[in-house]
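Report on one structure; see the data block that follows.
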Amino acid sequence: MHSYTKPNIHLPISLHDAIVTGLRVQPATSKLIDGVLIFEFQDGFIKVEKNDSYWTGKATVTISGIDFDYSHVYYFEGNERKEIPFSNFANDLKVNRLEIIDETYGYNQTKFSCILYKFEDDEYIDVEIHIYHFHEAVYQWEDPVE
């Protein structure tokens, strides 16, 4: 009998509880799969080092090589699931607050489970972000502000 054990992933970055304060969307050009999403975190995210962790300063996560035909943002309101274009989602983030609750990574995939607090309506909605991409995700951050 053959066997393979898939190792558990221990990433040095955690986006759990991180607040997305902006999103820049660069659509794909022509028929190339070269779209880019840049998530901005004014208050940073969690950097994990051995048995310690700390909040970074201002940070970004850039995901490139995105195939927008297979990448989606879903808002869950009541019993409805609505697909929202990334450009509309980016505009929503200018006036609302998005907190990442969970992050999942797979073959050419990044998925975020989030809560969006809509200030105008004083309500919370669940948000799922599914990103299908062919390049690495690049995490950049500044030192924490003391």
(message) If you split all Cα-Cα distances of the chain into 5 Å bins from zero, what percentages do you get per bin, shortest first?
(response) 2, 9, 17, 22, 19, 14, 9, 5, 2, 1, 0, 0
(request) May I ask you to list the aspartates and glutamates whose Cα is less than 20 Å away from that of LYS47, ignoring any residue fewer than eight positions away on the same chain? (result) ASP17, GLU99, ASP102, GLU103, GLU136, GLU142, ASP143, GLU146
(message) Tell me the net charge near ASP43. Cut-off is 12 Å between Cβ atoms, ASP43 excluded, with +1 for each Lys or Arg and -1 for each Asp or Glu.
(response) -2
(message) Taking 26 Å as the cut-off for C-alpha to C-alpha distance, list the pairs among LYS31/LYS111; LYS6/LYS50; LYS50/LYS118 that go past it.
(response) LYS50/LYS118
(message) Which one, TYR107, TYR54, PRO144, projects farthest toward the positive side of the charge dipole computed for segment 51-146 from Cβ point charges (K/R +1, D/E -1)?
(response) TYR107
(request) Return the calculated 222 nm mean residue ellipticity for the chain, to the nearest 500 deg cm²/dmol, obtained by summing -39500 (n - 2.57) across DSSP H runs with n ≥ 4 and dividing by the residue count. (result) -2000 deg cm²/dmol
(request) Quick one: dipole size for the chain, taken about the Cα centre, charges +1 on Lys/Arg Cβ and -1 on Asp/Glu Cβ, in debye to the nearest 20. (result) 520
(request) Note down the relative contact order for segment 13-141 as a percent, whole number, built from C-alpha pairs under 8 angstrom at least six residues apart. (result) 27
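Where a number appears in this text, it was derived from the coordinates with a stated rule and is not lab data. Everything quoted here is computed from the prediction, not taken from an experiment. We place every Cβ from the backbone using ideal geometry, glycine too, and count neighbours over all the protein chains shown.
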